[in-house]
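Data first, discussion second: the structure below is written as structure tokens.
The values are calculated or read from the model by the stated rules, or taken from the named source; none is laboratory data. Keep in mind the model is a prediction, meaning the values are calculated, not measured. Here the Cβ is made from the backbone with ideal geometry for all residues, glycine too, and neighbour counts use every protein chain on show.
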Amino acid sequence: MKILINCVNLLSGLQGAGGAGSYVYFLIIELAKLETVRVLIKPSNFLRFQKIKNLEVVPLLANNIEQMQEHFLWADIYFCPLNELVPCYLDTKIPVVSTIHDLQHEVYPHYFKNGVYESRRTYYGYAISRANAIITVSNNEKNLLQRIYNKKDVYVTYHSGYLADKFVGEAEKNKISQFRVPEYPYIIYPAIPWRHKNHYRLVEALWLLKQSHPAMKDLKLILTGAQHSLSSSSLENLISDLQIQDSIEMKGFVSNLELAALIKNANLMVFPSLYEGFGIPILDAMKLGTPVLANALPAIIEIAGDSISYLQNPLDSKQIAQDIHTLLNDKGKCLSLVELAYQQGSKYSSIETAKSTISAFSKVIEQFQKSIVKLDYINVKDVPEHRSQIKSKRISLIFDFTRSEFDESQFIQYIDKLALHWQDLVKVVAILPVDKKITLSEVYDHIVLKVYSDSKNQSYYHNSFNYLFDAVIDTKYVMYCELGCMLKYQQKIDLVEGVTIMDTFSHFDAIIFTEKVKFPTETLPLSNETLLKEYDYWKSKRLSFFNLTILRTDRQDGDYHIGQYKFLSKFLSESVYLKYPII
């Protein structure tokens, strides 16, 4: 079988190739042992791939269809392994296969800002529609592909722990044992700091762990992974705000040897990611003998089973801290998990990934040669967004518990009302004080999304809003609520009416519920002395200005939101909004 593989768009490790980059590199090594393989690659990656035995490497500056024609004529099958199908306008003389590693953008579109979501829908959609078959990395992703796109031919080829596979021989194991690693106890999280990786809550959890358990004062957190354009913007600010620079080592991109040594010698790998198509680092840890504490995502459970421990709530920093403490203090369980993980991890290998890929290719080629109709038609433009197929909340209410005293029982009664009457409309986000215990029962965990902060630490407090608008709020609208005000006026504020007005009249940037008007009043942008006077009055209490205000979420992000001076200034000078009476 002659396999043509397009890796022209493959990033280097320093650029943030991540797990997909490891998959491509190690898959090609094994494919070249079994079949005739030709790889199209950028000159910057040429030397690395040229070292692979039995592999023909062709340098190519860009995906130029003209320059690729001779390669199409040579091949039995054309393979794009990087969530894409390039170049466009392929003919149908040979079958085409694309690997789609995950459909995270369909599940969490708010993580993909500034047009990235729309771009992914277009290019992923084209690959899924045009390819004769899709390869993906877990049954969970296969189910998503078939449910969203109705794609019939989807094959699952599991990843391996590619890093662990690289260090299986005695000589390689000796390199790991001889590599100098930190002598202090540490947990590790090897992940590019994309928003969905949930670094913010893990860092916060470490700080909370040290606050509540002084015996853990020497424990450190090592973070590895290159920076990326989709990285979260609030992580380094949080580390500074909490003054835990000495407890966290951000190593960035590291060599394979250093990463293997760091994972193998860690006390624990904590993996709080909110979305994974597979979870390659978890398998690396399983094979290298390091216990794992991870989010119980469908793909991770599919791969790891009961050979790792699972977080009770990856959205709650205090609970993450408690889970880490519990597992680190249970040496017997850690040893048991390591034994189970060795057994489970042995089911996955690079060679098995290659064999299952070749098996899929063989089936695709056979079907292609027999079939008169080469492609199933999928109208990508008509594929509904995944969020439109599930019940999606419309507005997030941000309740701030840090700025005033509150009646917890009254708040619970209000949450009960929300759950009873507005369950399909409202998502609740609670900013909770780190120094107080809020005893909401577990029944509210699925209703209330917890974010911790401290209004006495102004930098930490305002950074929590950076985090909220960068990675947490996923509804179309948001309303900041000073707790006492919302509970006082709860019978007089009609959220359904407010959301309906915002849906209908797109020229409104906001609706402010207020006692200062007797009937709905349209308010125009301010200017000159009136603007300066209003801004000067509210700048020191800008959150109070936006109290009980419905705003459009897409007008805010991690660097521009209601907690910032510049947002207040621009809102007053440019926004058209409706003052709505509280009667």
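A compact table of results
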{"quantity": "Count of segment 246-267 residues which are surrounded by fewer than 22 Cβ atoms within 10 Å (Cβ to Cβ), among the hydrophobic types (A, V, I, L, M, F, W, C) and at pLDDT 95 or above", "calculated": "1"}
{"quantity": "Cross-chain or 6+ apart pairs with Cβ under 8 Å, segment 332-355 first and closer than 17 Å to residue 163 by Cβ, then of a type in the set (Ser, Thr, Tyr) and part of a helix (DSSP H, G or I)", "calculated": "341/307; 344/307; 345/307; 350/162; 353/23"}
{"quantity": "Some residue of segment 539-551 being modelled with pLDDT of 95 or more and either among the basic types (Lys, Arg) or touching a Gly at 6+ places or on another chain (Cβ under 7 Å) (or both)", "calculated": "yes"}
{"quantity": "Listing of helices (runs of 4 or more DSSP H) fully contained in segment 36-112 that carry 2 or more residues being crowded, with 18+ Cβ neighbours inside 10 Å and free of Cβ contacts under 8 Å to residues at least 60 places away in the same chain", "calculated": "43-50"}
{"quantity": "Filtered residue count, segment 217-245, keeping only those that are at pLDDT 90 or above and either hydroxyl-bearing (Ser, Thr, Tyr) or not assigned by TED's automatic domain parsing to the domain that holds residue 189 (or both)", "calculated": "2"}
{"quantity": "Restricting segment 273-313 to residues that are assigned to a loop (DSSP other than H, G, I, E, B) and more than 24 Å from residue 145 (Cα to Cα), the residue that is modelled with the lowest pLDDT", "calculated": "313"}
